[in-house]
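Notes follow the structure.
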Amino acid sequence: MLKILFKLFKALNSEAEPRQISLAFCFSMIAGLTPFLSLHNLLVLLLVLLLRVNLSAFIVGLGIFSSIAYLIDPLFHRIGLFVLTVGNLEGLWTSIYNSTLWRLENFNNSIVMGSLLFSLILFIPLFIIMNIFIVKYRTNVMAWIKKTKIAQGLRAGRIYNLYKAASGWGGAS
Amino acid sequence: MKKWIRWKGLMFFFCFAVLFSLIWFVFAPVFVERMIEKYGTDMVGAKVELDDADLTLSPLGFVLKRLQITNPDEPMTNAVEIADIGFSLDGLNLLRRKVVIDEMNLDQAQINTPREKSGAIRKKPRGISDDLKKRKGKTLSLPSLKIPDVSEILEKENLVSLELIRTLDSDIKAEELKWERILNEIPDKEKLDEHKKRIEKIKSAKKEGVSGILGGVSEAAEIKKDIDSDLKQIQDAHREFGTSLASLKKRMGEAKKAPLEDIRRLKAKYSISPAGLGNLSRLILGPKIGEWTDSALFWYEKIKPALNRAEKDKKTGHETVKPVRGRGINIVYKEKSPLPDFLIRDINASVKLKAGDIGGKIRNITTDQDILGIPLTFIFSGDNLKGVQSAEMKGSLDHIVPIKSKDTLNMRIKGYQLQEMTLSDQQELPLTLKEGLLNLAINSQLKGEAVKIKTVANFGSVKFATEGERADSLFAQTISSTLSDITGFSLMVDITGTLDNYETDISSDLDRIMKKAVGNLVKKESASLERKLRSAVYAKVNGPSDDLKLNFSHLASINNELVSRLDLGKNALDSFGVKNNSKIFKLPF
């Protein structure tokens, strides 16, 4: 896990496209907030592997969002229940309920629907925020950290050696 | 574009998918095996075991090897053991989370096979024996054919009459003491005489002039008040005594009748009742029929929850599930072609019995009959079996509308050769049906909770084996010789009531024959027992009973004393000139 964290920091600090890291975070949000063994997560996995997004960012994000999900499951349940029972959409849900693919997706479960909707709505805002954050981080925070005495001291220490060793595995692979 | 696509990732994804499928292929049978064992064990209350489960891909299905379902009442016996179960699954519906099996084959199903290891689980299941215990109060036993000695009877039996007499005697004594104390407290003869003397004194006062007369008037009023008060005390006590006496008299009457009640009770318990022998078939076959009925109802109750899932889960239209993480609610929408979550359309079964193989078909097994709209039906039949000419069992379980459920089971057995069937193992009259030929017809119906089972059994070429000829009792000898002459009889069993509380009515022409054969003998023996009991019971009761009468007579003297004081009080009042409680005070001049 430590190595993955270092890889994430390396990606953040490297010349890798901020969008590749942001997209990985956004995908990890969907996979982490929604029940993991859902059909849509197979698509997320395919996209994560097919698109050149940062895998370390995806794994770290998955850990973070999965932990958060446990706390906000009741909110997902309420959102899902509301959406699935709202009168105007009943026709839509009934027609897709009769589709095998959607039944396999278990869309009619309140938590699946609530968490998926929640993460899809936040997908683009998170992508934009993450992009801005990475750019700001690189231009301001990174430069400032490098100048601090702690960072200079650490660069001479064991952890920095590990970080260096990790840097040989490539950034946004 | 090239910058954004990672072709190696796609390859990795496919490798992952293949690996996942392989893992599923390897572990799915193990998962299915564990599921069957876990849920089966929970449902039956004893171990359900499966030797092996294999997954087949084309067509998609499973082959299960050696399914053993333990009899919860006999952990070393399998209620059912099936050598091979093969079925194919509807793959498309499986993706929709519906287990639909078009055809299932059960090969070599056997019942009551021995187990190598006990199939009991730690938690004691509710078995058939529990039901039997619950209904034990209803079972009857063959009346004793040996009348015990009267002294033996009285040694082990408590006489209610004796208890009653002793209790009453002690109550009478307590009452006597109580009233002796009260007699001391209420005005006695001496006090009442004193009132008289005071009156006489006033009467003599008129001779002393006007002042004497005026003083006498106020004193006379005083005396009258005292007499009234004393008289009231005596009257109250007399009234209370009268109530106590009446209650004790009533109890005396009961105590007098009590020995007769004891005699009647002991006679009923120890003599052979002609009515009991008149329903011998019930006494002999009742427990066995009860056992079979309980066993059938036990297994029915095990199956019933699965048939009534619809009633249980679908009241709100929502089905609660436990998703991967947390809990959620699955909203159910209208399906275009509704299908149950679990359905086996056809089961072809071959059952291996000692008598030979019988074949059967079960149709439409589902947990959601309300969705399918078709009841479960089954039929099993076999011809030319070993010891049975033909056997057929068919029925249906209709729970389409759960509150109007209707289940039927009809059974026909022709030419069943009976051998060595123990009917009674009571010491006084061991009874075995050595051989015979049985034709049996059972029509049963369960509507909601109401059970109705009608059974007609015709026994032919029967030969009873009894050891009653060697018994000491004349009854046992008579019954034995009567049974040995019987070659055929019929038996009718009607069971009506509810699943928890049903009545069994058994009748047979055997009853008439038995009643005729031993009826007179029974009457004679019963009369003799009654005579002996009467003399023995009265011999025990007479002494305490005489004491009781004596103590009761003591109460009469208390009554006499109260009456005498009451008279004295009234006399004192009369000497005032007050008669018949007229309250007219006549001045003493």
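The table below lists the values:
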| item | result |
| --- | --- |
| Odd one out for B:T41, checked against (1) under 33 Å from the mean Cα position of the chain (by Cα); (2) free of Cβ contacts under 8 Å to residues at least 40 places away in the same chain; (3) in a helix (DSSP H, G or I) | (2) |
| Residue list for the stretch B:290-336, restricted to those being over 18 Å from A:R103 (Cβ atoms), surrounded by 13 or more Cβ atoms within 10 Å (Cβ to Cβ), within 14 Å of another protein chain (Cβ to nearest Cβ) and at pLDDT below 65 | B:R325, B:G326 |
| Members of the stretch A:43-54 that are facing chain B (nearest Cβ under 8 Å) and assigned to a helix (DSSP H, G or I) | A:L45, A:L46, A:V48, A:L49, A:L50 |
| Selection count where residues are more than 9 Å from every other protein chain (Cβ to nearest Cβ), in contact (Cβ under 8 Å) with a residue 60 or more places away in the chain and not in a helix (DSSP H, G or I), scope the stretch A:88-111 | 0 |
| Subset of the stretch B:9-34 [among the aliphatic types (A, V, I, L, M) and away from every other protein chain (no Cβ under 14 Å)] | B:L22, B:V26, B:A28, B:V30, B:V32 |
| Search result, residues across the stretch A:25-39 that are crowded, with 19+ Cβ neighbours inside 10 Å, out of contact with any strand residue (DSSP E or B) (no Cβ under 9 Å at 6 or more places or on another chain) and in a helix (DSSP H, G or I) | A:F25, A:C26, A:S28, A:M29, A:I30, A:A31, A:G32, A:L33 |
| Residue check for A:F118: in contact with a helix residue (DSSP H, G or I) (Cβ under 9 Å, 6 or more places away or on another chain), more than 8 Å from chain B (Cβ to nearest Cβ), more than 23 Å from A:K136 (Cα to Cα) and not in a helix (DSSP H, G or I) | no |
| The stretch B:503-557, residues that are within 30 Å of B:E176 (Cα to Cα), among the aliphatic types (A, V, I, L, M) and under 40 Å from the mean Cα position of the chain (by Cα) | B:V537, B:A539, B:V541 |
| Condition met for B:D341 (crowded, with 19+ Cβ neighbours inside 10 Å, charged (D, E, K, R) and closer than 23 Å to B:P305 by Cβ) | no |
| Condition check for B:L145: among the aliphatic types (A, V, I, L, M), at pLDDT below 85 and surrounded by 13 or more Cβ atoms within 10 Å (Cβ to Cβ) | yes |
| Only listed residue being facing chain B (nearest Cβ under 10 Å) and on the phi < 0 side of the Ramachandran plot, chosen from A:A69, A:A57, A:A16 | A:A69 |
| Residue among B:V462, B:V541 that alone is surrounded by 14 or more Cβ atoms within 10 Å (Cβ to Cβ) and either in contact with a Pro (Cβ under 7 Å, 6 or more places away or on another chain) or closer than 30 Å to B:M252 by Cβ (or both) | B:V541 |
| Subset of the stretch A:40-69 [among the hydroxyl-bearing types (S, T, Y) and surrounded by fewer than 18 Cβ atoms within 10 Å (Cβ to Cβ)] | A:S66, A:S67 |
| Of the criteria (1) facing chain B (nearest Cβ under 8 Å); (2) surrounded by 15 or more Cβ atoms within 10 Å (Cβ to Cβ); (3) without any contact (Cβ under 8 Å) to a residue 12 or more places away in the chain, which one A:T85 fails | (2) |
| Residue list for the stretch B:458-476, restricted to those being in contact with an Asp or Glu (Cβ under 6 Å, 6 or more places away or on another chain) and either of a type in the set (S, T, Y) or modelled with pLDDT under 75 (or both) | B:A476 |
| Residue match in the stretch B:35-48 (condition: within 14 Å of another protein chain (Cβ to nearest Cβ) and either within 26 Å of B:S350 (Cβ to Cβ) or buried (at least 16 other Cβ atoms within 10 Å of the Cβ) (or both)) | no |
| The stretch B:363-391, residues that are in contact with an Asp or Glu (Cβ under 8 Å, 6 or more places away or on another chain), surrounded by fewer than 20 Cβ atoms within 10 Å (Cβ to Cβ) and over 30 Å from B:L437 (Cβ atoms) | B:R363 |
| Yes/no for B:G569 being among the small types (G, A, S), surrounded by fewer than 18 Cβ atoms within 10 Å (Cβ to Cβ) and either under 25 Å from B:P287 (Cβ atoms) or at pLDDT 80 or above (or both) | no |
| Odd one out for B:I69 among (1) in a helix (DSSP H, G or I); (2) in contact with a helix residue (DSSP H, G or I) (Cβ under 7 Å, 6 or more places away or on another chain); (3) at pLDDT 85 or above | (1) |
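The values are calculated or read from the model by the stated rules, or taken from the named source; none is laboratory data. Treat the numbers as computed from the prediction; the structure is a model and nothing was measured. Note that each Cβ is placed from the backbone with ideal geometry, even for glycine, and that neighbours are counted across all protein chains shown.
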